[in-house]
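Here the structure is laid out as structure tokens; the discussion comes afterwards.
The values are calculated or read from the model by the stated rules, or taken from the named source; none is laboratory data. Given the structure is predicted, the values throughout are model-derived calculations rather than measurements. Virtual Cβ from ideal backbone geometry, glycine too; neighbours counted across all protein chains shown. Note: accessible area is taken over every heavy atom of the protein model, side chains too, but ligands, DNA and RNA are not part of it. Shrake-Rupley method; radii C 1.70, N 1.55, O 1.52, S 1.80 Å.
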Amino acid sequence: MTGCLAIVGLGPGAPELMTPLAAETLRAATDVVGYAPYLARVPEGMGQRRHASDNREELARARQALELAAQGKSVAVVSSGDPGMFAMASAVFEAIETGNAAWKDIDITVVPGVSAMLAAAARIGAPLGHDFCVISLSDNLKPWELVLKRLEAAAAGDFIIVLYNPASKARPWQLGEALGLIARHRAGATPVIFARAVTQADESIEITTIAEADPARADMRTLVIVGSSATRLIQGSRGPFVYTPRHAELVEP
Ligand code: SAH
């Protein structure tokens with residue numbers, strides 16, 4: 001008997017930003033698997049049985065979900081934001097590729113979600129309005145030298161740069177080094193946004209510049225957006241907007 005496995009994006013936090021398809025999939029699930037704080041965001045009545053796990057055990061959690069699906073359950077694995085961005089969808093496919101051959105026959109679907117950067121960008125204007133790239137600063141699963149290489153290329157390419165996983169208690173210095181590297185390619189007035197807990201009760205959004213950005217302001221619930229050379233700040237009576245125009249010029253780094 002084979003069940004099914006849906007990898008579901010919960011969105012950035014606010015219930016209204018969970019898609020109707022995500023809600024429908026969770027309602028239909030017999031079992032919901034995920035990191036405990038994300039499971040807590042699944043409304044009562046959705047998913048009959050819940051299986052909470054530690055955040056670091058992505059692959060183990062993926063295997064647990066596949067095992068339940070192989071037993072015939074309708075399983076949902078939840079991720080915050082979009083499940084394909086630095087999240088569970090890749091872990092599930094890696095578990096399928098390397099695990100039990102029968103798992104390749106399980107009916108798998110990926111239900112997209114609103115990624116945190118999209119919600120953060122919408123809060124302050126349109127900073128991602130032109131070419132951008134997204135880099136995770138976590139060096140838990142890749143060497144720091146690779147992070148630096150990609151940051152250097154993105155900064156020299158004049159991309160808007162979104163930094164996920166900018167800092168945690170165990171990774172306190174990486175963001176300072178990353179911002180220092182990007183600053184060598186940008187004017188000091190380039191807008192930088194620290195967006196924390198976006199669409200959640202304790203949301204805070206700080207707009208600063210690359211010259212003044214204080215890396216200590218970020219934690220594991222923060223993402224950082226660094227503008228390109230074209231990203232602009234508009235002061236208005238309802239607070240500043242940050243946007244990147246639809247046109248771009250060649251700027252030598
Ligand atoms: N799949 C998620 C990203 C997971 S990586 C997504 O698509 O949003 C975890 C990182 O995402 C955090 O360290 C933080 O940088 C960012 N993040 C997730 N939710 C956030 C939120 N509500 N506000 C700000 N950043 C968030």
Trypsin sites (Lys or Arg not before Pro) within segment 184-253, DSSP loop, no more than 12 other Cβ atoms inside 10 Å: Arg184, Arg238, Arg246
Span from the segment 209-230 Cα centroid across to the segment 72-132 one, whole angstrom: 25 Å
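Among all stretches of the chain without exposed GluC sites (Glu not before Pro) (DSSP loop, at most 16 other Cβ atoms within 10 Å), which one is longest?
Details: sites that count: Glu44, Glu57, Glu212, Glu249.
Looking at the chain, 58-211 is the longest stretch - no exposed GluC sites (Glu not before Pro) with at most 16 other Cβ atoms within 10 Å.
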Cα pair distances in segment 70-134, grouped into 10 Å bins until the bin that holds the longest one, percent each: 18, 39, 24, 14, 5
Share of carbon and sulfur in the accessible heavy-atom surface of segment 83-141 [1.4 Å probe, %]: 55 percent
Per residue accessible area of the chain, 1.4 Å probe, in Å²: 50 Å²
Cross-link reach list, aspartates and glutamates versus Lys104, counting only Cα pairs under 20 Å and skipping chain neighbours closer than eight places: Asp31, Glu58, Glu67, Glu94
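What is the gain in length, in nm to one decimal, between Glu206 and Phe93 on full extension, counting 0.36 nm per residue of separation less the C-alpha to C-alpha distance?
Values: separation 113, 0.36 × 113 = 40.68 nm, distance 3.62 nm.
Separation in residues times 0.36 nm, less the Cα-Cα distance, equals 37.1 nm.
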Segment 211-240 residues near the modelled Asp131 label - backbone nitrogen below 16 Å, point 7 Å along Cα→Cβ: 227-231
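Subtracting the Cα-Cα distance from 0.36 nm times the residue separation, let me have the gained length for Lys169 to Arg27 in nm, one decimal.
Details: separation 142, 0.36 × 142 = 51.12 nm, distance 3.55 nm.
Gain on extension, Lys169 to Arg27, equals 47.6 nm.
Ignoring everything except DSSP H segments at least 4 long, calculate the 222 nm mean residue ellipticity for the chain; use -39,500 (n - 2.57) per segment, divide by total residues, nearest 500.
-8000 deg cm²/dmol
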Rounded accessible area of Thr98 (nearest 10 Å², 1.4 Å probe): 90 Å²
Distance between modelled label sites at Glu177 and Asp219, nm, 7 Å Cα→Cβ extension: 2.3 nm
P(r), alpha carbons of the chain - 5 Å bins starting at zero, rounded %: 1, 6, 13, 16, 16, 14, 12, 9, 7, 4, 1, 0, 0
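Hey, with R₀ at 35 Å, roughly what FRET efficiency would Ala189 and Glu16 work out to, going by the Cβ-Cβ distance, to 0.05? All intermediate terms of the calculation are to be shown ahead of the outcome.
Values: r = 35 Å, r/R0 = 0.99.
According to the calculation, E is roughly 0.50.
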Debye intensity ratio I(q)/I(0), log10, segment 117-243, q values 0.09, 0.10 Å⁻¹ (C-alpha model): -0.22, -0.27
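If each residue of separation counts as 0.36 nm, what is the full-extension length gain between Ala101 and Thr2 once their alpha-carbon separation is subtracted? Please list the in-between numbers first.
On the way: separation 99, 0.36 × 99 = 35.64 nm, distance 1.29 nm.
Between Ala101 and Thr2, full extension yields an extra 34.3 nm.
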Overall dimensions of segment 4-114 by Cα: Rg and Dmax, Å: 12.4, 38
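Percent of accessible area on segment 145-253 owned by carbon and sulfur, 1.4 Å probe? If you can, show how the numbers build up before the last one.
Working: 3190 of 5890 Å².
Reported share for carbon and sulfur atoms: 54 percent.
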Reachable lysines, given that their alpha-carbon falls under 29 Å from the alpha-carbon of Lys149 and they are not under 8 places away in the same chain: Lys169
